[in-house]
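Here's the structure we're looking at; comments come further down.
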Amino acid sequence: ATPSPNPQRPREEPPSGGFSLPGICPILRPVNTLLISCTGSKRPGTHRALDLYTPRQFKIAREFAARPDWRVMVLSAEHGLIDGGDVIESYERPMTTARAAELSKATPANYPTGPVFVYGGSKYRGIVRDWASDRDASDPVEVVGLNEGCGHHYSALVALLALAAWMG
């Protein structure tokens with residue numbers, strides 16, 4: 001431990017991945033962002049974005065969203081980049097090549113700072129790569145499986161959540 005200016009109170013070492021200024025501010029850690037693609041399978045009606053989509057990867061996304069060091073956003077064919085907590089109505093717009101090109105041209109104002117992990121098909125990953133490049137940001141981490149099949153993508157997402165939980 002670092003010598004303390006006050007011998008009555010030993011200096012605390014900051015936890016890995018952050019720092020603290022005792023008595024001034026809490027521990028600061030970078031917030032990771034998971035950008036997850038929309039899907040065709042949705043519940044009818046109006047819901048939070050993370051509750052609207054029904055595939056199993058959204059259960060994992062909700063677990064990420066419950067963590068204080070993670071933010072989850074949805075890349076929606078209809079709405080563009082939205083926060084997972086935004087309330088939206090069900091829609092039927094698919095992510096076509098033309099729509100992907102349209103979204104790629106304009107980086108949204110809410111594009112996250114800090115580490116970005118993207119989960120989705122190649123069109124979605126391409127959009128996020130374009131946005132990162134436009135912002136001169138680090139390349140997003142693409143959460144894909146070894147053979148890039150849906151089951152392997154999902155396994156990679158589950159592994160990322162397990163790693164996040166392990167890192168605390």
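Here is how the numbers come out for the structure above:
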read-out: Calculated FRET value between Ala106 and Ala165, using beta carbons and R₀ = 25 Å, to 0.05; value: 0.10
read-out: Region 89-105 - phi-based ³J(HN,Hα) in whole Hz, Karplus 6.51/-1.76/1.60, Gly and Pro as x; value: 8, 4, 8, 10, 6, x, 8, 7, 4, 5, 5, 4, 5, 4, 5, 5, 6
read-out: Share of carbon and sulfur in the accessible heavy-atom surface of region 30-90 [1.4 Å probe, %]; value: 48
read-out: Local electrostatic count, Leu160, Cβ distance below 13 Å [Lys/Arg +1, Asp/Glu -1]; value: -2
read-out: Amide H within-cut-off set for Thr33, under 5 Å, with H built and near neighbours excluded; value: Arg71, Val116, Phe117
read-out: Calculated FRET value between Asp139 and Arg93, using beta carbons and R₀ = 35 Å, to 0.05; value: 0.80
read-out: Region 29-84 shape via C-alpha gyration tensor axes, a/c threshold 1.5; value: prolate
read-out: Prolate/oblate/rounded label for region 58-168 (Cα gyration tensor, a/c 1.5); value: rounded
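The values are calculated or read from the model by the stated rules, or taken from the named source; none is laboratory data. What you see is a predicted model, and the numbers here were worked out from it, not measured in a lab. Here the Cβ is made from the backbone with ideal geometry for all residues, glycine too, and neighbour counts use every protein chain on show. All accessible areas refer to the heavy atoms of the entire protein, side chains included, with ligands and DNA or RNA removed. Shrake-Rupley method; radii C 1.70, N 1.55, O 1.52, S 1.80 Å.
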